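Everything on this sheet refers to the single structure shown next.
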Amino acid sequence: MAARPSDPTRLARAAIVGPPFAWLLLFFLAPFAIVAAISFGQNAPDAAPPVAMTGTARNYAFLLSDALYVDAYLSSLRIAAIATVLTLLIGYPMAYAIAMAAPSRRPILLMLVILPFWTSFLIRIYAWRGLLSEHGLINALLRAMDISGDPGTILGSEWAIYLGIVYAYLPFMVLPLYAALEKLDRSLLEAAADLGARPWRAFLSITLPLSLPGVIAGCLLVFIPAVGEFVIPDLLGGTETLMIGKVLWDEFFTNSDWPLASAVAVLMLLALLAPIALYQRLRAREFGGS
Amino acid sequence: MTDAAAPPLALSVVGLRKKFGDVTAVADVSFDIGRGERLALLGESGCGKTTLLRMIAGFERPDTGRILVEGSDITDLPPYERPVNMMFQSYALFPHMTVARNVGFGLVQEGVARAEIERRVEEALELVRMAELAERRPDQLSGGQRQRVALARAIVKRPKLLLLDEPMAALDRKLRERTRLELVELQRRLGIAFVIVTHDQDEAMSMASKVAVMDRGTIAQLGTPTTIYERPRSRFVADFFGSANILEGEAAGRLVRCPALGIDIKTDHAADAGDGRRVGVAIRPERIALSTHRPEGADNAAMGVVQALSYLGDRSICHVEMAPGLTLRAAIDTRHDQPRPGHGDNIWLAWAARDAIVLGD
Ligand SMILES: Nc1ncnc2c1ncn2[C@@H]1O[C@H](COP(=O)(O)OP(=O)(O)O)[C@@H](O)[C@H]1O
Ligand SMILES: [Mg+2]
């Protein structure tokens, strides 16, 4: 039988666990409860705040029946998923190269990955506008090379959004992948080679499965914020690309419909709950198995 | 080329060298081992044992030299094309695979049919008595069980040569002793030649048919355990392999003049170096007999004063001062009927001519 922890231990534990809990309660759970409550209210333009708490599910019914919103959700999930795959395809080789580099060079390479964080996210995305616009640097280059007539404008296309997400979220993919690859025991790869596995086979059967926790963590760290992303589609995307973050912004600031905006936010959170729960289960299985 | 009918050597290493930057890990090593032989590479930590083994496995490229397995040159082959398998010191079991999949991994790479893989995996696991735990994962096994899985994985492909890097290092002493015997028994049954790296002299002696004592990247002496113990060639080997009293003297036929001891030591062989050269004489402590009176008919005898007696359980070591600054160690067994010399007693030491080993360098 496990001994009951003595009171001082329990106090100490509470003192350590308490503050972060209080923080989450105060700044995440409480605001979310307010948003959830508002989502069951009605728009009241003359009131301040412009909400009448009527306890209706009308907002949800409206969102789920209106094709615009459903499309916005679906296209957000699609864009986030494609962008996540692209980020993984670019981030994995990067993380692999850093993990395999000489130990003395790894901190510098990691530093380079994190370096963009020193500049504001908003400014960096704005800078991409300059690069991608009709008369921007990239088009100028394409024209100078004169490959295929008019290159068209990248800015405003869905590709610009992918580019923005891949660019902005790459560090979130590289870091967990690096953490997983860096702790991979090299003697496992030698053992695989010793048993007759060519490098590519050894990668597929040893490196890749053992870095899977990093792949999952990286993908979620990119996918979850990308679904709700507002700045990138707003600044780089075109008017025809619907993303739920933008819809939310419009409902809140342009239409001043707080209850509907809140319902959009709640549904987005619910949609993201599925991958988060999946991740937690995978992690639990990993720890439970050992 | 030698006799065409002679079976090819299991392994033949010719002039192997390897430097890491300025450090010479292996310096000009050559040796052969026949089929079914068991070679132990024995030496202090850092003397190049692992590097030598890793060159044979293909993980390090030698700077110069060739490696031949059963007559064919494998020096330039990548590890995955060599007919050798290695058991890693850390075992290097794949943590995400069951025991059965770990053992079957090498067969899958070879493209062996599934039914055949299952049969051979089971057979290999039977051999190491791990068949019941085939579905476990490595982290659900004890150290000894992991070691046996690693062994099964290394033999399942029936390599022409098995390489073992300190295979017992992670086991406790009792288990280590039992595993030594099991490993040799298994090797006999399979008939695979093996090279085992160890820094443990008992392990080398009890498991190997040949021992290579390594010293700073070179092989100081290669021979059967008996030869190396009875006839070490150098001071280094005599001192490293077992323990030895080493006296300095001057060769004179089958005698070694030893002024420090005040006698001419009789030996049964002349020094290679020739008369007049400075040589060493090694005498194993357990080959020295102690007596209170001058022994009759002994080849060599000298008197000293008991300085200390250290009790080791299975034997005691008697430190006898022969002359100022010259102390010899003699082992006495601890049976209760044996007389026990006391501190300060005068005592005679005697040893046979064949137990006085002349050392060249
Ligand atoms: N990959 C390496 N890089 C640099 N030096 C190494 C490397 N591997 C081994 N060495 C050096 O080579 C020498 C022999 O090492 P090793 O073969 O591991 O010895 P042992 O197995 O006998 O303990 C040591 O001085 C060690 O520091
Ligand atoms: Mg070693």
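From the set of residues in segment B:6-30 that are away from ligand 1 (no atom under 15 Å from the Cβ) and polar (S, T, N, Q), which is nearest to the other protein chains (Cβ to nearest Cβ)? Only one residue fits best here, namely B:Ser12. Check segment A:200-215 and report whether any residue there is in a helix (DSSP H, G or I) and more than 14 Å from chain B (Cβ to nearest Cβ). Scanning segment A:200-215 turns up no residue that is in a helix (DSSP H, G or I) and more than 14 Å from chain B (Cβ to nearest Cβ).
Given the residues A:Leu89, A:Leu109, A:Leu155, A:Leu115, which is the only one that is over 18 Å from A:Leu170 (Cα atoms), within 23 Å of the chain's Cα centre (by Cα) and of a type outside the set (D, E, K, R)? Sole residue among the options that is over 18 Å from A:Leu170 (Cα atoms), within 23 Å of the chain's Cα centre (by Cα) and of a type outside the set (D, E, K, R): A:Leu155. Which ones in segment B:31-60 are away from chain A (no Cβ under 14 Å), more than 13 Å from ligand 2 (Cβ to nearest atom) and without any contact (Cβ under 8 Å) to a residue 60 or more places away in the chain? The answer is B:Asp32, and nothing else. Look at (1) more than 16 Å from ligand 2 (Cβ to nearest atom); (2) part of a strand (DSSP E or B) and you find that B:Val26 fails only one, number (1). Going through (1) within 16 Å of ligand 2 (Cβ to nearest atom); (2) within 14 Å of another protein chain (Cβ to nearest Cβ) one by one, B:Ala204 falls short only on (2). Selection of segment B:113-171 for residues being out of contact with any Asp or Glu (no Cβ under 7 Å at 6 or more places or on another chain) and within 16 Å of ligand 1 (Cβ to nearest atom) yields B:Leu163, B:Leu164, B:Asp165, B:Glu166, B:Pro167, B:Ala169, B:Ala170.
Each residue in segment A:122-177 was checked for being touching a residue at least 40 places away in the same chain (Cβ under 8 Å) and over 26 Å from A:Pro93 (Cβ atoms), and 5 of them qualify.
When residues in segment B:180-226 are screened for being crowded, with 20+ Cβ neighbours inside 10 Å, part of a helix (DSSP H, G or I) and of a type in the set (S, T, N, Q), 1 of them pass.
Could you tell me whether A:Ala192 is part of a loop (DSSP other than H, G, I, E, B) and either more than 22 Å from the chain's Cα centre (by Cα) or farther than 22 Å from A:Ile165 by Cβ (or both)? So A:Ala192 does not fit the description; no.
Using the structure shown, decide if B:Gly46 is surrounded by fewer than 22 Cβ atoms within 10 Å (Cβ to Cβ), within 16 Å of ligand 1 (Cβ to nearest atom) and either on the phi > 0 side of the Ramachandran plot or not assigned by TED's automatic domain parsing to the domain that holds B:Lys210 (or both). Yes: the conditions hold for B:Gly46.
Taking segment A:188-210 as the range and being surrounded by 18 or more Cβ atoms within 10 Å (Cβ to Cβ) and either among the small types (Gly, Ala, Ser) or within 28 Å of A:Ile82 (Cβ to Cβ) (or both) as the test, the residues that pass are A:Ala191, A:Ala192, A:Ala193, A:Gly196, A:Ala197, A:Ala202, A:Ser205, A:Thr207, A:Leu210.
Take the conditions hydrophobic (A, V, I, L, M, F, W, C), within 14 Å of chain A (Cβ to nearest Cβ) and either within 26 Å of B:Asp272 (Cβ to Cβ) or away from ligand 2 (no atom under 16 Å from the Cβ) (or both) and apply them to B:Leu162. Does it pass? So B:Leu162 passes the test. Scan segment A:168-187 for residues that are more than 30 Å from B:Ala154 (Cβ to Cβ) and either surrounded by fewer than 18 Cβ atoms within 10 Å (Cβ to Cβ) or among the charged types (D, E, K, R) (or both) and the total you get is 1. The condition of being more than 30 Å from B:Leu151 (Cβ to Cβ), of a type outside the set (Lys, Arg), without any contact (Cβ under 8 Å) to a residue 60 or more places away in the chain and not in a helix (DSSP H, G or I) holds for A:Glu240. Checking the conditions here, which among B:Arg61, B:Arg54 is in contact with a strand residue (DSSP E or B) (Cβ under 9 Å, 6 or more places away or on another chain), within 16 Å of ligand 1 (Cβ to nearest atom) and not in a helix (DSSP H, G or I)? Criteria check complete, one pass: B:Arg61.
Would you check if B:Phe59 is under 30 Å from B:Gly143 (Cβ atoms) and within 21 Å of the chain's Cα centre (by Cα)? Criteria not met by B:Phe59. Scanning segment B:84-118 for residues that are assigned to a loop (DSSP other than H, G, I, E, B) and either within 16 Å of ligand 2 (Cβ to nearest atom) or surrounded by 15 or more Cβ atoms within 10 Å (Cβ to Cβ) (or both) yields B:Phe88, B:Gln89, B:Ser90, B:Tyr91, B:Ala92, B:Leu93, B:Phe94, B:Pro95, B:His96, B:Met97, B:Thr98, B:Val112. Confirm whether B:Phe88 is touching a residue at least 40 places away in the same chain (Cβ under 8 Å), more than 16 Å from ligand 1 (Cβ to nearest atom), within 14 Å of chain A (Cβ to nearest Cβ) and within 23 Å of B:Ala169 (Cβ to Cβ). No, not satisfied.
The values are calculated or read from the model by the stated rules, or taken from the named source; none is laboratory data. Quick caveat, the model's predicted, so the values are computed rather than measured. Reconstructed Cβ throughout: ideal geometry from the backbone, glycine too, with neighbour counts over all protein chains shown.
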